[in-house]
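Notes follow once the structure below has been shown.
The values are calculated or read from the model by the stated rules, or taken from the named source; none is laboratory data. The structure displayed is predicted, hence computed values, not measured ones. Every residue, glycine as well, gets a Cβ built from its backbone with ideal geometry; the counts of neighbours run over all protein chains shown. Ligands, DNA and RNA are stripped out before the accessible areas are found, and what is left, the full protein with its side chains, is counted by its heavy atoms. Shrake-Rupley method; radii C 1.70, N 1.55, O 1.52, S 1.80 Å.
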Amino acid sequence: MKRQKRFEKLEKRPINKDVIMKEWPEEGFIAMKSPNDPKPSVRVENGIITEMDGKKRDDFDLIDMYIASYGINIKNAEKVMAMDSAKIATMLIDPNISRQEVLKYTTAMTPAKGQEVINQLDFGEMIMGAKKMRERRKPANQCHVTNYIDNPVELAADAAEAALRGFAEEETTTAVSRYAPFNALSVLVGSQTGRPGVLHQCSVDESTELQLGMRGLTSYAETISVYGTDRSFTDGDDTPWSKGFLASCYASRGIKMRFTSGSGSEVLMGYPEGKSMLYLEARCILLAKASGVQGLQNGSLSCISIPTAVPNGLREVLGENLLCMMYDLESATGSDQSFSHSSMRRTWRFMGQFIGGTDYICSGYGAEPNADNTFAGSNEDVYDYDDIYFLERDYGQSFGIHSIKEEDAISIRNKAAKALQAVFEGLGLPEITDEEVEAASYADVHEDMPKRDKVADMKAAQGMMDRGITAVDVIKALIDGGFKDVAESILNLQKQKVVGDYLQTSSIFDKDWNVESAVNDGNDYQGPGTGYRLYEDEDEWKKITDIPQAIDPKHFDM
């Protein structure tokens, strides 16, 4: 067949390397409105939900029972369920109706009702809804801090640079699980060097993650996965109740935490039960609500290639983020996993969350090149910084980060590496050489770093746990090493766990350790001229507009 030349060239475009599928509802390959989704319904008798979404209480599965018992505002349930879903959807975008008023209705919805409301909205309307329903007044961002060889010095330097750029949270994980204590320690020291008050976590198995938090080596957790079908849960030897118990363990130690879910996970595990991804995610969100956690990391995340393969995929992803906000939870809205060969499509992956402004636009952004991202690569990474800064400047909209000068990046990376060097020396861990400190100050990827003895590092990391090392030991090592300011920041972080104020929904710290959350700095958007406006925040707007690439016309030589 003779080819049309334009079609030949179009076939070679990066976008055509992406996997695109037709819908297959029986196997869960449908983003929204599966013919198998239940119709919304509820019956309340003597303060107990006896029917929900077409099921009698005797037929409830584990997730139904948990949600019906703990997750729904029963007082308003029957009234709200009788309302037209389009009317509730209209309330989300009506600037004359406050967020607090809307929550009286949305927190009383069953999973089927929640997804039916979202189905009424197009993408632009979802952006409007997110702008009003976000928990915290000011958007923020989260990043990944990893490298493929778990080099602790590079981790500390990258964490410090990311903190200086404005990230409110930092998440690390390991290439080799036994490195977890070193990775947590490195990001702790690096983040508090870059900016006091940055929260951080280490994504590993739940037992180790909890131990690290209890020892003060991390300050929050989010990789506590929940699923929308019973089989997905029980295959992992979990139940909603076991997840709720784990949540209480963190809260009782003063450690912030959120659950993680996302459309497509049940499809990947083989148990979607023929339901739409949005309906199953509605169950996950209400399960998180029922467990009393502060929020949810959702938006498909590592499963993003599943919803984006079918029609309405990115609409569903923003819809599940909005639904999380409608159930009055902090929403860390994904935008993390790279999923497309098309730079245009990757940009549109986060545009709804960016324009709407969410609690954490990414969870997380790659604070290292994707070649070093142990989470398998972010939708955006360090090489996209300038693009993001231009977008913020273009739209007058916050992405939660800002540009920094090259000399400041070198300086803070050097300080973080030296601080970690002092900690390793003080704790009797394998030596960090001056050569490593120098390399970390200028490094881009792990190949730029001198090789370390990995066996010795892994033994020492395990030794940290065996010796009972805590944040107190880290603080002492920093003081002895001459890094009193970093020590004070880590001490303040431990004090905050005792106070417990940052267990509030959507909490972050400013540079002076003031908590900014849904409780004391809630989203007050109610139409034009209200809510957080980046261009009215003089300090932040100056950081966004005063980028190195900007030419001063007063000193422009023709």
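The dipole here belongs to region 272-387: it is taken about the Cα centre, uses +1 on the Cβ of Lys and Arg and -1 on the Cβ of Asp and Glu, and is about 520 debye.
Once all protein chains are placed together, Arg13 keeps about 140 Å² accessible to a 1.4 angstrom probe.
Between region 396-420 and region 127-145, the C-alpha centres lie 22 angstrom from each other. In this calculation the C-beta distance from Ile410 to Asp510 is compared with R0 = 22 Å, giving a FRET efficiency of 0.30.
Given Cβ point charges of +1 (Lys, Arg) and -1 (Asp, Glu) and nothing else, what value in debye, to the nearest 20, does the dipole of region 1-59 about its Cα centre take?
940
Summarising the label geometry, the points placed 7 Å from Cα in the beta-carbon direction at Met21 and Asp237 lie 2.9 nm from one another. Computed with a 1.4 Å probe over protein heavy atoms only, the accessible area of Ser98 comes to about 40 Å². The distance separating the Cα centre of region 42-100 from that of region 292-363 comes to 24 Å. Protection proxy ranking for 349-361, 321-333, using the average of other Cβ atoms within 10 Å per residue and placing the highest first: 321-333, 349-361.
Provide the per residue accessible area, probe 1.4 Å, for the chain, rounded to a whole number of square angstrom. Walk me through the numbers before you get to the answer.
Details: 22750 Å² over 558 residues.
About 41 Å² of surface per residue is accessible.
Maximal additional length on extending the Thr50-Asp94 stretch stands at 12.5 nm, based on 0.36 nm per residue less the C-alpha distance. Extending 7 Å from the Cα toward the beta-carbon at both Lys104 and Tyr148 defines two label points whose distance is 5.6 nm. Rolling a 1.4 Å probe over the protein chains gives Arg413 an accessible area of about 10 Å².
Cross-link partners of Lys451 among aspartates and glutamates, defined as those whose alpha carbon lies under 16 angstrom from its own and excluding same-chain residues fewer than eight positions apart: Asp150, Glu154, Asp372, Glu431, Asp434, Glu435, Glu436, Glu438.
The Gln462 and Asp501 beta-carbon pair, evaluated with R₀ = 41 Å, returns a calculated FRET efficiency of approximately 0.75. Only helices at least 27 Å long along their axis, Cα-based, and averaging -1.0 or more on Kyte-Doolittle count here, so list those DSSP H runs from the chain. Span-like helices in the chain: 406-426. Of the solvent-accessible surface of the chain, computed with a 1.4 Å probe over protein heavy atoms with every protein chain present, carbon and sulfur atoms account for 50 percent. Database remark: amide H of Glu330 closer than 5 angstrom to the amide H of Gly295, Leu296, Ser506 (H placed geometrically; neighbours at sequence offset of 5 or more, or on other chains; Pro and chain starts carry no H).
Residues His341, His200 ordered from highest to lowest accessible area at a 1.4 Å probe: His341, His200.
Note on the chain: antiparallel DSSP beta bridges, both residues inside, total approximately 35 percent of the bridges counted. Derived value for region 336-387: Kirkwood hydrodynamic radius 11.2 Å. Basis is the mean of 1/r over every pair of different alpha-carbon atoms. Taking 13 Å as the straight-line reach from the Cα of Lys75, the aspartates and glutamates in range (excluding those fewer than 8 positions away in the same chain) are Glu45. Amide H to amide H, with H built 1.01 Å from N, Val42 comes under 5 Å of Asp53, counting only residues 5 or more places away or on other chains. As a calculated quantity, the FRET efficiency between Ile74 and Tyr442 at R0 = 51 Å, using C-beta atoms, amounts to about 0.30.
The slack in the chain from Lys454 to Phe7, taken as 0.36 nm per residue of separation less the alpha-carbon distance, amounts to 155.8 nm.
Rounded to the nearest 20, the Cβ-based charge dipole of region 1-125 about its Cα centre (Lys and Arg +1, Asp and Glu -1) stands at 920 debye. Averaging over all projection directions, the Cα-based convex hull of the chain occupies 29.6 nm² in the image plane.
Measuring between alpha carbons in the structure, the pairs from Lys55/Lys131; Lys39/Lys104; Lys17/Lys454 lying more than 27 angstrom apart are Lys55/Lys131; Lys17/Lys454.
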